[in-house]
Amino acid sequence: MLSTDASAAETSAWHCPHCEQPLTLESNSWRCANNHSFDRARQGYVNLLPSNRKQSKQPGDSPEMVLARSRFLDTGHYQPLRQAVLSVLGSQTTPTRGNWLDAGCGEGWYTAALQQEFPAMKGFAFDISKSAVSTCCRRSKAVHWAVASVANIPLGNRSIEFILSIFSRIDWPQFQRILADEGLLLAVTPGSHHLLELRQAIYTEVRLHEEEKVLKQMPEAFDCVLTQSCEFQFTLENQQQIQDLLAMTPHYWHIRPDQRERLGLLQTLTTRADFRLELFRKKTPAQASLNPWKKSHSSNE
């Protein structure tokens, strides 16, 4: 972890997205040794997503979607998942030093809980949506917030002790680069029956979610050390909550007008949450050099 000199310029684990040099906070701008500069927004975050790496003019969730997500999460319907995340990480880490990262943090509901759970560590979080990150700054002033992409994470090599990724894309090479040896990645993905009743209210035919997709993509540099389900039911008590949950899902983009109209007739909806928590540990170089599968496979040839 990089040191911090409070009497002069502040240095963090953020690195320049152009040249990958460490960034130092001077006055109200983050600068690298090559004089690339990134102003800190008045809300407190820094934008480390270069315009030439954006897929659209305003990538990620819109302000309306961020507001809907905030309203829904603040109802506490997903509190069991947040507690499960804290429990898994708390049982598997030594939260006395180092940095952690929430990759694809959304509007920061889970991130703020991590900061409270691990106050001795430095928390970093980013999302590709500027609207989401702007909202994050109201969740916690202790977390280092940034606009950034998981495809080009602006953090130093081996600078992170653990990563949380909830319903966000996993870039294995990037995560491998920034994680310390034996660092952890907790990935949260939908279980097979996630929001089944909501989907049944929209579609006439519903397919179950594919499980183990992340596990199948795991590279040799990682081990899966824990797999856990988190399942519970909750009731959406009015049309606002139903629409807010819809805005958090991919169905928001695919729903047809007649399906939206049918969903709009519901006053309440009880549905199930089905989450899959998978914890991965990055191997040390010595561990990565050993490949038992290849050895046993070659011995049978």
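Brief remarks follow.
- Charge-dipole axis of the chain as Lys and Arg at +1 and Asp and Glu at -1 on Cβ define it, positive-most pick from HIS251, LEU266, VAL88: HIS251
- Simple Cβ-charge dipole of the chain, Lys/Arg +1 and Asp/Glu -1, about Cα centre, in debye nearest 20: 440 debye
- Of the accessible area of the chain, computed with a 1.4 Å probe over protein heavy atoms only, carbon and sulfur atoms account for 47 percent.
- Computed packing ranks the peptides 212-224, 39-51, 99-111 as 99-111, 39-51, 212-224, most packed first, by mean other Cβ atoms within 10 Å.
- Share, in percent, of DSSP beta bridges within the stretch 103-220 that are antiparallel, nearest 5: 10 percent
- Solvent-accessible area per residue for the stretch 190-279 (1.4 angstrom probe, square angstrom): 56 Å²
- Percent antiparallel among DSSP beta bridges (both partners in the chain, rounded to 5): 60 percent
- Across the stretch 146-301, Cα-Cα pairs farther apart than 20 Å form 60% of the total.
- Two-site label geometry, ASP74 and GLN200: point separation in nm, points 7 Å out along Cα→Cβ: 3.2 nm
- Pairs of lysine residues in the chain - Cα separation under 16 Å, sequence separation of 8 or more or cross-chain: 4
- The convex hull around the C-alpha trace of the chain, projected and averaged over every direction, spans 18.3 square nanometres.
The values are calculated or read from the model by the stated rules, or taken from the named source; none is laboratory data. Remember, it's a predicted structure, so these values are computed and weren't measured experimentally. Neighbour counts run over all protein chains shown; Cβ positions are idealised from the backbone, glycine included. The accessibility values were calculated without ligands, DNA or RNA, using every heavy atom of the protein model including side chains. Shrake-Rupley method; radii C 1.70, N 1.55, O 1.52, S 1.80 Å.
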